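Nothing in this text is a laboratory measurement; each read-out follows from the coordinates by a stated rule. Keep in mind it's a predicted model, so treat the numbers as computed, not measured. Cβ atoms come from the backbone with ideal geometry, glycine included; neighbour counts cover every protein chain shown.
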Amino acid sequence: MSQQIYVNDAMESNYKLMNDLNTFNMKYAKYVKCNDNNAPEIKGNCAPSDLTCCSSTDIGTVGLGGLTTLQGTLIADINDMREAGNLLTGNLISNSQFNTNHSKILSHAKEINKNRSDLDNKMRELYKIDGNLQQDYFLQYDSVMYTGILFSILATTILYYTFTKL
């Protein structure tokens with residue numbers, strides 16, 4: 001049986017026990033109020049069932065026998081959880097081993113992030129996505145070529161006007 005099942009069973013038993021205790025406490029508080037001889041005005045608001053603390057059907061569920069049964073169930077569930085916890089403690093690692101593994105994981109994560117960045121750039125170049133390095137080089141090359149052509153045209157027109165108009 002898994003540890004989660006032990007925990008759920010124990011929690012359900014605890015919940016049922018708390019509900020039964022709360023129900024008993026509410027009935028007992030009504031019983032005390034309704035049987036108080038010093039406050040006759042409260043007795044007028046009491047139902048006939050409030051004049052007794054427990055009915056015959058409550059004895060098995062809320063009475064001492066029911067509480068003892070639930071207590072035994074809770075103790076058994078707690079022991080089961082301890083046993084499951086003891087089984088799990090055999091799989092624990094030491095602090096030094098944890099620290100070693102942690103530092104290895106961090107160094108591998110840095111390497112993976114660096115490699116991922118490189119792979120992302122290469123994928124951008126392959127799929128010709130905006131913002132890749134190759135596209136930046138093409139843009140720079142095209143700019144240099146257009147600038148060269150513009151300077152050639154400018155120089156040619158200056159020379160033409162210089163020799164023909166002067």
remark   = Answer check: the range 100-165, Cα atoms, Kirkwood Rh, Rg/Rh ratio of 1.51
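What FRET efficiency would be calculated for the residue pair LEU133, ILE105, taking the C-beta separation as r and a Förster radius of 22 Å, to the nearest 0.05?
0.15
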Full-stretch length increase - SER96, ASN22 - with 0.36 nm per residue and alpha-carbon distance subtracted = 21.7 nm
